[in-house]
Amino acid sequence: MARLVMKFGGTSVADIDRIRNVARHVKREVDAGHDVAVVVSAMSGKTNELVAWVKDASPHYDQREYDAVVASGEQVTSGLLAIALQQIGVPARSWQGWQLPIQTSDVHGSARILGIDGDAIVRRFQDKREVAVIAGFQGVHGATGRISTLGRGGSDTSAVAIAAAINAERCDIYTDVDGVYTTDPRVVPQAQRLDKIAYEEMLELASLGAKVMQVRSVELGMLHNVRIFVRSSFDKPEDIDPKAEPPGTLICGEEEIVEQQTVTGIAFSKDEAQISIRNVQDKPGIAAAIFGPLADNNINVDMIVQNVSADGQTTDLTFTVPAGDYERAVQVLKTSKDTIGYQRFDGATDVAKVSVIGIGMRSHAGVAAQAFKALAEKGINIRAITTSEIKFSVLIDAASTELAVRTLHSLYDLDK
Ligand code: ADP
Ligand code: ASP
Ligand code: MG
């Protein structure tokens with residue numbers, strides 16, 4: 001008998017039929033004798049609709065009320081799944097974030113989980129023999145008692161945090177793909193499912209654009225050593241052989257991965273904007289004058305390239321910011337024009353970042369150089385580059401994203 005967390009994403013609970021299918025998956029584990037806590041997302045598309053309503057009501061909305069509205073999607077699915085489970089004879093009870101409670105910080109819209117009373121969940125397993133159906137994505141800020149949400153994709157984080165709190169044997173993430181692939185299988189049909197991926201690699205993949213897991217959920221998994229298994233909810237529960245290993249991807253410590261490839265996966269993000277500040281005096285303090293005001297305005301700068309301007313006297317600085325912050329960044333830089341002292345300013349939002357990730361890069365030289373050559377052969381111009389120990393990223397025109405991803409995918413033999 002094991003303690004399990006089963007998390008079901010939006011497409012897995014998209015309508016009542018799909019919720020019935022989820023209930024049968026849960027029953028399968030309960031029948032096998034396990035104690036199960038289920039975490040559900042809102043029905044697919046629901047959170048987008050709720051966010052749009054908030055923005056329609058006022059462009060300058062109160063973040064606390066945003067949370068009150070957008071958390072409601074998960075309230076609906078948790079209740080519906082509890083009903084569907086009861087209907088097939090599985091005792092179940094729904095729990096909202098504030099009822100459990102899942103304590104969070106007060107950063108409404110992207111709150112952090114501070115604590116979960118895991119013992120209370122376990123006690124209910126023992127006393128009531130009841131499946132806990134927990135609304136993902138939401139919690140409560142203790143001091144104010146207000147509902148909070150964990151940022152988009154946050155049900156993954158709810159699930160991993162609950163798995164850590166109840167010391168679960170595994171946290172199963174059921175989604176619409178049967179695992180983590182070498183790149184998004186919707187973009188590259190040749191993408192291959194990985195049997196295992198190290199936390200660190202998954203962290204990079206997620207933060208560089210692969211939305212299959214929320215970044216914070218992977219951070220938490222790594223911190224608490226939660227075994228996270230990504231699998232499909234679209235397999236029929238009745239077809240699953242309880243004794244066989246189901247298809248899926250285990251996210252685990254790198255010591256568990258025997259056959260380490262140099263490159264594990266490729267991620268991409270079109271959520272980038274490029275800014276170039278031209279003809280800046282090349283003197284100490286300039287970087288601080290540019291990036292200080294951006295940081296003060298909570299704008300994250302990612303890739304940074306500095307080079308000599310066309311006049312040979314001054315310098316150009318190119319960097320990227322999240323596309324959503326582009327307009328604000330432009331405003332901040334215009335306001336600081338006199339302190340920075342630049343002559344020209346260029347910006348582009350039709351850019352994309354493509355990233356290559358693999359722990360094997362630590363011990364292999366020249367991995368990035370191969371990519372630069374392969375991209376050049378396809379006529380893809382690189383606007384900026386960043387590298388770190390286990391990944392490198394290139395900034396390119398958004399129109400070339402798919403071509404670049406496919407080129408790199410086959411370059412590193414990921415097509416198999
Ligand atoms: P859920 O609603 O279950 O949380 P998401 O839509 O958040 O599901 O995440 C699953 C999606 O992530 C897949 O449909 C797939 O298109 C996308 N994805 C992006 N990169 C990858 C990858 N490397 N492996 C698997 N899926 C990926
Ligand atoms: N429903 C929320 C979202 O769409 C949380 C989640 O699905 O993980 O972002
Ligand atoms: Mg998700």
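Kindly list, by first and then second residue, each pair from a residue in segment 392-416 that is without any contact (Cβ under 8 Å) to a residue 40 or more places away in the chain to a residue that is in a helix (DSSP H, G or I) and small (Gly, Ala, Ser), limited to pairs with Cβ atoms under 7 Å and residues at least 6 apart or on different chains.
Every condition considered, the pairs that remain are Phe392/Ala368; Thr407/Ala374.
Counting only residues that are out of contact with any helix residue (DSSP H, G or I) (no Cβ under 8 Å at 6 or more places or on another chain) and crowded, with 22+ Cβ neighbours inside 10 Å, how many does segment 348-372 have?
Of the residues in segment 348-372, 1 are out of contact with any helix residue (DSSP H, G or I) (no Cβ under 8 Å at 6 or more places or on another chain) and crowded, with 22+ Cβ neighbours inside 10 Å.
Condition first: surrounded by fewer than 19 Cβ atoms within 10 Å (Cβ to Cβ) and hydrophobic (A, V, I, L, M, F, W, C). Now tell me which residues in segment 393-410 satisfy that.
If the condition is that a residue be surrounded by fewer than 19 Cβ atoms within 10 Å (Cβ to Cβ) and hydrophobic (A, V, I, L, M, F, W, C), then Ala398, Ala399, Leu403 are the ones that fit.
Scan segment 16-32 and tell me whether some residue there is part of a helix (DSSP H, G or I), in contact with a strand residue (DSSP E or B) (Cβ under 9 Å, 6 or more places away or on another chain), polar (S, T, N, Q) and farther than 19 Å from Ile162 by Cα.
no
Considering only segment 141-151, state which residues are in a strand (DSSP E or B) and within 16 Å of ligand 2 (Cβ to nearest atom).
Pass one, segment 141-151, residues in a strand (DSSP E or B): 141, 146-149.
Within segment 141-151, Ile147, Ser148, Thr149 meet the criteria.
Sort through Val131, Val140, Val107 and tell me the only one that's in contact with a helix residue (DSSP H, G or I) (Cβ under 7 Å, 6 or more places away or on another chain) and more than 16 Å from ligand 1 (Cβ to nearest atom). Before the answer, list the steps.
On the way: Val140 fails: in contact with a helix residue (DSSP H, G or I) (Cβ under 7 Å, 6 or more places away or on another chain); Val107 fails: in contact with a helix residue (DSSP H, G or I) (Cβ under 7 Å, 6 or more places away or on another chain).
Only one candidate qualifies: Val131.
Can you work out which of the residues in segment 218-243 that are in contact with a Lys or Arg (Cβ under 9 Å, 6 or more places away or on another chain) and within 16 Å of ligand 2 (Cβ to nearest atom) is farthest from Val356 (Cα to Cα)?
Per the stated criteria, the residue is Ser233.
Conditions tested, residue by residue: (1) in contact with a strand residue (DSSP E or B) (Cβ under 6 Å, 6 or more places away or on another chain); (2) at pLDDT below 95; (3) of a type in the set (Val, Ile, Thr); (4) surrounded by fewer than 24 Cβ atoms within 10 Å (Cβ to Cβ).
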| position | (1), (2), (3), (4) |
| --- | --- |
| Asp127 | no, yes, no, yes |
| His141 | yes, no, no, yes |
| Ala159 | yes, no, no, no |
| Ala168 | yes, no, no, no |
| Arg186 | no, yes, no, yes |
| Met222 | no, no, no, yes |
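Could you say which residue among Lys55, Lys46 is more than 16 Å from ligand 3 (Cβ to nearest atom) and basic (Lys, Arg)?
The match here is Lys55.
Mind telling me which of the residues Ser110, Ser94 ends up being among the hydroxyl-bearing types (Ser, Thr, Tyr) and more than 25 Å from the chain's Cα centre (by Cα)? Quick ask: steps written out before the conclusion?
Working: Ser110 fails: more than 25 Å from the chain's Cα centre (by Cα).
From the options Ser110, Ser94, the qualifying one is Ser94.
Kindly evaluate Thr104 against the criterion of being modelled with pLDDT of 95 or more, surrounded by 17 or more Cβ atoms within 10 Å (Cβ to Cβ) and within 16 Å of ligand 3 (Cβ to nearest atom).
Working: modelled with pLDDT of 95 or more: yes; surrounded by 17 or more Cβ atoms within 10 Å (Cβ to Cβ): yes; within 16 Å of ligand 3 (Cβ to nearest atom): no.
When the stated conditions are applied, Thr104 does not pass them.
For Ser110, all conditions in the list (1) among the small types (Gly, Ala, Ser); (2) surrounded by 20 or more Cβ atoms within 10 Å (Cβ to Cβ); (3) farther than 15 Å from Ala159 by Cα hold save one; what is the number of the exception?
In the conditions (1) among the small types (Gly, Ala, Ser); (2) surrounded by 20 or more Cβ atoms within 10 Å (Cβ to Cβ); (3) farther than 15 Å from Ala159 by Cα, Ser110 misses (2) alone.
Assuming Val218 fulfils every condition listed in (1) within 9 Å of ligand 1 (Cβ to nearest atom); (2) touching a residue at least 12 places away in the same chain (Cβ under 8 Å) apart from one, which condition is it?
Unmet for Val218, out of (1) within 9 Å of ligand 1 (Cβ to nearest atom); (2) touching a residue at least 12 places away in the same chain (Cβ under 8 Å): (1).
Quick one: Val263 ticks every box in (1) within 16 Å of ligand 3 (Cβ to nearest atom); (2) within 19 Å of Phe392 (Cβ to Cβ) bar one, so which box is it?
Result: Val263 fails condition (1) only.
Can we say Ser44 is touching a helix residue (DSSP H, G or I) at 6+ places or on another chain (Cβ under 8 Å), assigned to a loop (DSSP other than H, G, I, E, B), modelled with pLDDT of 95 or more and within 14 Å of ligand 1 (Cβ to nearest atom)?
Values: touching a helix residue (DSSP H, G or I) at 6+ places or on another chain (Cβ under 8 Å): yes; assigned to a loop (DSSP other than H, G, I, E, B): yes; modelled with pLDDT of 95 or more: yes; within 14 Å of ligand 1 (Cβ to nearest atom): yes.
It is true that Ser44 is touching a helix residue (DSSP H, G or I) at 6+ places or on another chain (Cβ under 8 Å), assigned to a loop (DSSP other than H, G, I, E, B), modelled with pLDDT of 95 or more and within 14 Å of ligand 1 (Cβ to nearest atom).
If you take the residues in segment 36-66 that are farther than 27 Å from Arg3 by Cα, away from ligand 2 (no atom under 12 Å from the Cβ) and touching a residue at least 12 places away in the same chain (Cβ under 8 Å), which one is surrounded by the fewest Cβ atoms within 10 Å (Cβ to Cβ)?
The residue in question is Trp53.
Within segment 89-98, does at least one residue satisfy the condition of being exposed (fewer than 15 other Cβ atoms within 10 Å of the Cβ) and more than 25 Å from Lys243 (Cα to Cα)?
Going through segment 89-98, the residues exposed (fewer than 15 other Cβ atoms within 10 Å of the Cβ) turn out to be 89, 91.
If we keep only those that are more than 25 Å from Lys243 (Cα to Cα) too, we end up with none.
Checked segment 89-98: no residue is exposed (fewer than 15 other Cβ atoms within 10 Å of the Cβ) and more than 25 Å from Lys243 (Cα to Cα).
Only one of these is out of contact with any Ser or Thr (no Cβ under 9 Å at 6 or more places or on another chain), within 23 Å of Leu403 (Cα to Cα) and without any contact (Cβ under 8 Å) to a residue 60 or more places away in the chain: Arg193, Arg186, Arg227. Name it.
Answer to the check: Arg186.
Any residue that is over 25 Å from Ile19 (Cβ atoms) and of a type in the set (Gly, Ala, Ser) - is there at least one of those in segment 153-164? Show your work before the answer.
To start, the set of residues in segment 153-164 that are over 25 Å from Ile19 (Cβ atoms) comprises 164.
Filter again for of a type in the set (Gly, Ala, Ser), leaving 164.
Yes, segment 153-164 contains a residue that is over 25 Å from Ile19 (Cβ atoms) and of a type in the set (Gly, Ala, Ser).
The values are calculated or read from the model by the stated rules, or taken from the named source; none is laboratory data. The structure presented is a predicted model; accordingly, all values stated were derived computationally and were not measured. As a convention, Cβ positions derive from the backbone with ideal geometry for all residues, glycine included, and neighbour counts pool all protein chains shown.
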